[in-house]
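Below you'll find the structure, written out as structure tokens, and then a few comments.
The values are calculated or read from the model by the stated rules, or taken from the named source; none is laboratory data. All values reported here derive from a predicted model rather than from experimental measurement. Note that each Cβ is placed from the backbone with ideal geometry, even for glycine, and that neighbours are counted across all protein chains shown. Ligands, DNA and RNA are excluded from the accessible area calculation, which covers all protein heavy atoms including side chains. Shrake-Rupley method; radii C 1.70, N 1.55, O 1.52, S 1.80 Å.
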Amino acid sequence: MPTGLTEDAGWEIGVSRTLPGPVEALWEFVTSEEGVALWLGPGVRLPTEKGAGYRTDDGVEGELRSYRPGDRVRLTHGPTTVQMTVSPGRSEGSAVLRFHQEHLSGAEEREARRAHWRDVMDRIEAALR
């Protein structure tokens, strides 16, 4: 089976980065209006109730599947599913941010989303400085 293709979730991609600062501060930022605009899209208010919908300024619709404060958000994003998690880093005072997207259409979309999530990480890291 090719890299990135799974039996359960089809094509998927995961990107993570260790960032300076405590988990709580990272969570607060990525779930704030400014942070959500960087990873989900400008104009989106992150839903916190399961089943609640959202729509990005560029027309992508989705709904919240799960929201665990301080830990993870899982939501549909068009035909795909995106999960964002925050966890403690290996070194004290650091946190790990992860984005995982599944049900992608194929290898090409997987590579496009890898580039997208890396860019998102760069923009989040710059905003936290």
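Observations
- For the criterion of being open to solvent by 50 Å² or more (accessible area, probe 1.4 Å), at pLDDT below 95 and closer than 20 Å to Arg110 by Cα, Asp8 passes.
- The one condition from (1) under 26 Å from Arg129 (Cα atoms); (2) of a type in the set (S, T, N, Q); (3) within 15 Å of the chain's Cα centre (by Cα); (4) open to solvent by 50 Å² or more (accessible area, probe 1.4 Å) that Thr31 does not meet is (4).
- Of Arg113, Arg65, all but one fail to be surrounded by 12 or more Cβ atoms within 10 Å (Cβ to Cβ), in contact (Cβ under 8 Å) with a residue 40 or more places away in the chain and of a type in the set (D, E, K, R); the exception is Arg113.
- Failed condition for Thr48, given (1) open to solvent by less than 30 Å² (accessible area, probe 1.4 Å); (2) out of contact with any helix residue (DSSP H, G or I) (no Cβ under 7 Å at 6 or more places or on another chain); (3) part of a loop (DSSP other than H, G, I, E, B); (4) β-branched (Val, Ile, Thr): (1)
- Condition broken by Thr18, with the remaining ones in (1) open to solvent by 20 Å² or more (accessible area, probe 1.4 Å); (2) out of contact with any Ser or Thr (no Cβ under 6 Å at 6 or more places or on another chain) satisfied: (2)
- Top-ranked residue in the stretch 88-105 [being of a type in the set (S, T, N, Q) and open to solvent by 20 Å² or more (accessible area, probe 1.4 Å); ranked as farthest from Glu28 (Cα to Cα)]: Ser105
- Scanning the stretch 34-45 for residues being in contact with a helix residue (DSSP H, G or I) (Cβ under 8 Å, 6 or more places away or on another chain), open to solvent by 40 Å² or more (accessible area, probe 1.4 Å) and not in a helix (DSSP H, G or I) gives a total of 2.
- Whichever residue in the stretch 34-57 is under 13 Å from the mean Cα position of the chain (by Cα) and of a type outside the set (A, V, I, L, M, F, W, C) and, among such residues, is modelled with the highest pLDDT: Gly35
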